[in-house]
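Encoded as structure tokens, the structure appears first; notes follow it.
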Amino acid sequence: MERLVLARTPEGGPEIFASIQGEGVSMGLPSTFVRLAICNLRCRWCDTAYTWDWARFERAASTLVLAADDVAEAVRALPPRNVVVTGGEPLLQRRQLVPLIAALRAEGYRFEVETNGTVGPGPLAGLIDQFNVSPKLAHSGNEGLRRIAPAALRELAATGRAWFKFVVAEPADLAEVREVCAAAEIAPGRVVLMPEGTSAAVLAERGRWLAELCARDGYRFSTRLHILLWGDRRGV
């Protein structure tokens with residue numbers, strides 16, 4: 001039986017919760033979130049560092065291991081039929097995810113996977129309805145790590161079900177967005193730009209000029225709806 005490493009809530013249970021999708025092309029869609037632990041990148045502005053930063057967080061207190069069947073039961077206990085597998089970096093556990101996703105898809109569930117785009121979909125390529133791919137730009141601070149993997153990005157794009165969301169901190173970031181898209185053969189119509197920020201004030205300030213750039217260059221725009229509604233909190 002496959003087992004998955006999940007983020008643990010402060011109360012001790014797995015971080016599986018119902019909310020609305022806060023970002024990207026399905027923003028606003030009622031969804032059940034399954035947050036996995038472990039990541040291969042180290043973004044300086046990451047708001048889920050407790051899933052991977054063992055210098056700041058105690059691993060035993062921040063993660064737990066569950067059988068795929070137990071994760072499925074937790075998902076079934078919540079109303080939304082759209083499931084967002086997030087992290088961490090979920091595709092590091094792509095093989096372990098197969099039985100969970102296959103079983104719930106047979107029951108009519110829809111699946112999104114959120115990924116940094118450094119790992120290809122592998123056995124999940126035909127099982128996921130939507131890949132929310134977020135390649136990390138230079139301002140993420142991943143010095144010495146492979147934050148851009150064109151081959152993996154092309155593999156995700158080839159599914160025909162991937163959207164590429166870039167977190168933008170300043171207008172100059174658009175040059176790097178164009179470079180990454182050219183290297184990975186990503187069409188502008190599959191690109192979503194989102195302002196970096198964990199407060200409503202920052203998102204509003206950056207969102208104004210970013211929305212104008214999206215209108216000019218043909219990219220989609222996304223804000224962070226869950227931050228606007230509830231602030232920088234877990235489980236929403």
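Go through (1) among the acidic types (Asp, Glu); (2) assigned to a helix (DSSP H, G or I); (3) under 20 Å from the mean Cα position of the chain (by Cα) one by one and return the number of the condition ASP53 breaks.
(2)
Residues in the range 92-108: is at least one among the acidic types (Asp, Glu), without any contact (Cβ under 8 Å) to a residue 60 or more places away in the chain and in a loop (DSSP other than H, G, I, E, B)?
Checked against the condition, which is being among the acidic types (Asp, Glu), without any contact (Cβ under 8 Å) to a residue 60 or more places away in the chain and in a loop (DSSP other than H, G, I, E, B), the range 92-108 yields at least one hit.
I'd like the residue in the range 185-197 that is surrounded by 13 or more Cβ atoms within 10 Å (Cβ to Cβ) and at pLDDT below 95 and, out of all such residues, is nearest to PRO171 (Cα to Cα).
Filtering first and then ranking leaves GLU196.
Consider ILE101 against the criteria (1) open to solvent by less than 30 Å² (accessible area, probe 1.4 Å); (2) under 14 Å from the mean Cα position of the chain (by Cα): it satisfies all of them except one. Which criterion is unmet?
Going through (1) open to solvent by less than 30 Å² (accessible area, probe 1.4 Å); (2) under 14 Å from the mean Cα position of the chain (by Cα) one by one, ILE101 breaks only (2).
Looking at the range 159-184, I want the residues that are of a type in the set (Ser, Thr, Tyr) and have a partner that is not in a helix (DSSP H, G or I) with Cβ atoms under 6 Å, at least 6 apart or on another chain. Which pairs are those?
Matching pairs, first to second residue: THR159/ALA125.
So ALA169 passes all but one of these: (1) on the phi < 0 side of the Ramachandran plot; (2) in contact with a Cys (Cβ under 7 Å, 6 or more places away or on another chain). Which condition number does it fail?
All conditions pass for ALA169, except number (2).
Quickly run through the range 74-91 and pick out the residues that are outside any loop (DSSP other than H, G, I, E, B) and open to solvent by 20 Å² or more (accessible area, probe 1.4 Å).
ALA74, ARG76 - these are the residues of the range 74-91 that are outside any loop (DSSP other than H, G, I, E, B) and open to solvent by 20 Å² or more (accessible area, probe 1.4 Å).
Cβ-Cβ distance below 9 Å, separation of 6 or more or different chains: which pairs start in the range 4-20 with a residue that is more than 12 Å from ARG35 (Cα to Cα) and end on one that is among the charged types (D, E, K, R) and at pLDDT below 95?
Filtered contacts from the range 4-20: PRO10/ARG234.
Among the numbered criteria (1) closer than 20 Å to VAL119 by Cα; (2) modelled with pLDDT under 95; (3) acidic (Asp, Glu), which single criterion is violated by GLU89?
(2)
Please note which helices (runs of 4 or more DSSP H) are completely contained in the range 140-236 and include at least 2 residues that are closer than 21 Å to THR48 by Cβ and hydroxyl-bearing (Ser, Thr, Tyr).
No helices (runs of 4 or more DSSP H) qualify here.
Exactly one of these conditions fails for PHE57: (1) open to solvent by 70 Å² or more (accessible area, probe 1.4 Å); (2) at pLDDT 95 or above. Give me its number.
Going through (1) open to solvent by 70 Å² or more (accessible area, probe 1.4 Å); (2) at pLDDT 95 or above one by one, PHE57 breaks only (1).
The values are calculated or read from the model by the stated rules, or taken from the named source; none is laboratory data. Please read these numbers as outputs of a predicted model, since none were measured by experiment. Here the Cβ is made from the backbone with ideal geometry for all residues, glycine too, and neighbour counts use every protein chain on show. Keep in mind that these areas ignore ligands, DNA and RNA; they rest on the heavy atoms of the full protein, side chains included. Shrake-Rupley method; radii C 1.70, N 1.55, O 1.52, S 1.80 Å.
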